[in-house]
Amino acid sequence: MEEKWRGPVHHQRTPDTKKGSSQKRITPDKTFYRMSGSQMAGEAVFGVYPVLIALKENRRQCYKLYIKNTLVPAPRPVIDEILDLAAKKDIPIELVDGSVLDTLVEVTPHQGVCLDASKLEYENLPDDVSLLTTEGNPKEPLLWLVLDQVKDPVNFGALLRSSYFLGVDRIVTTKKNSCPLSPIASKASAGVMELFRVNKVDSLLPFIQKCSECGWDVVGTCASVPKVVPCPESRYGPVSDFQLEKNTLLLVGNEGKGLQPELAACCKKMVFISPGREIHPDMDSLNVSVATGIILHSIHSSRQKQIPDANTAENETKE
């Protein structure tokens, strides 16, 4: 069974709400009426925060909002906010059974919220990388995360979430052999994919070479020092020893093979996470999103330590 309304949504007090209470309910302008079925015009963005941020950021064309009927009246303020945003944008709102959402989404918990919307696409980087070297805080070097054939949408979404939180300035990948900007990735990112733009290039190797020619540091990631190294062994070291000193590309390989050898050969440094115990030979690495989160946190921490030192040096210069 499905119920639907169109038109603005209003907040009204429920009959049993006491005077002075802030409790509200959502009621439609028009009477509910049954529908025989639902068809998607775009793709199903699902989850509370992916839908909320998608509505706020206006990067997608939105066709219809589906809400599980047991969520109206809204039990959480964030559901109220989603309904209000959809109403203000004149997006049709349809109340449906949970089974309908299960069919629309097909995978992972949807939290009772689904938005029929256009797809997100990767954004192109300009050919002249030097045009982008002045973005962000001019006193701090840039950190771009380069993803080499990361295909799993859950890993991809987790990478976006960690990168956004830990101060990565841009994410770069290739459209071919990489994870698309899918609803599953958006859900795994807790909605970060809806606001944190991902850039694509046709091929990573010439892009990395151009950045290196512009003076960027190219840093790769690995599980440990391999037996056969694609670059001099002296370039390998724990990430805890790494300091971000200039604009840097941090290269992350895919879930199975890691970095492609030709990309690893471009790296001036290769960093790894030192384990906290002797590791079983069959369990010698971390999930790519977990490992990248740890590496980014280490880099973020080192940057935070450098800021007081820089401020002290600046004050001493003024004196």
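The values are calculated or read from the model by the stated rules, or taken from the named source; none is laboratory data. Values in this document were obtained by computation on a predicted structure and should not be read as measured data. Backbone-built Cβ (ideal geometry, glycine too); neighbour counts: all protein chains shown. Just the protein is used for accessible areas: all its heavy atoms, side chains included, with ligands, DNA and RNA removed. Shrake-Rupley method; radii C 1.70, N 1.55, O 1.52, S 1.80 Å.
Among residues of the range 237-249 that are in contact (Cβ under 8 Å) with a residue 24 or more places away in the chain and more than 16 Å from Ser274 (Cβ to Cβ), those with a Cβ under 6 angstrom from a residue that is among the charged types (D, E, K, R) and open to solvent by less than 80 Å² (accessible area, probe 1.4 Å), sequence gap 6+ or separate chain, pair up as Leu244/Arg303; Lys246/Asp217; Thr248/Asp217. Of the residues making up the range 61-84, just one is at pLDDT 95 or above and touching a Lys or Arg at 6+ places or on another chain (Cβ under 8 Å), namely Cys62.
Considering only residues in the range 276-308 that are in contact with a helix residue (DSSP H, G or I) (Cβ under 9 Å, 6 or more places away or on another chain) and part of a loop (DSSP other than H, G, I, E, B), the one that is most open to solvent (accessible area, probe 1.4 Å) turns out to be Leu286.
Only a single item in (1) part of a loop (DSSP other than H, G, I, E, B); (2) hydrophobic (A, V, I, L, M, F, W, C); (3) on the phi < 0 side of the Ramachandran plot is not met by Ala190, and it is number (3). Take the conditions (1) open to solvent by 30 Å² or more (accessible area, probe 1.4 Å); (2) within 22 Å of Cys267 (Cα to Cα); (3) not in a helix (DSSP H, G or I); Val172 misses just one of them, which is (1).
Taken residue by residue, the range 206-216 has at least one member that is of a type in the set (S, T, N, Q) and at pLDDT 90 or above. Just so you know, in the range 84-99 the residues that are in a helix (DSSP H, G or I) and in contact with a Gly (Cβ under 9 Å, 6 or more places away or on another chain) include one that is surrounded by the most Cβ atoms within 10 Å (Cβ to Cβ), and it is Ala87.
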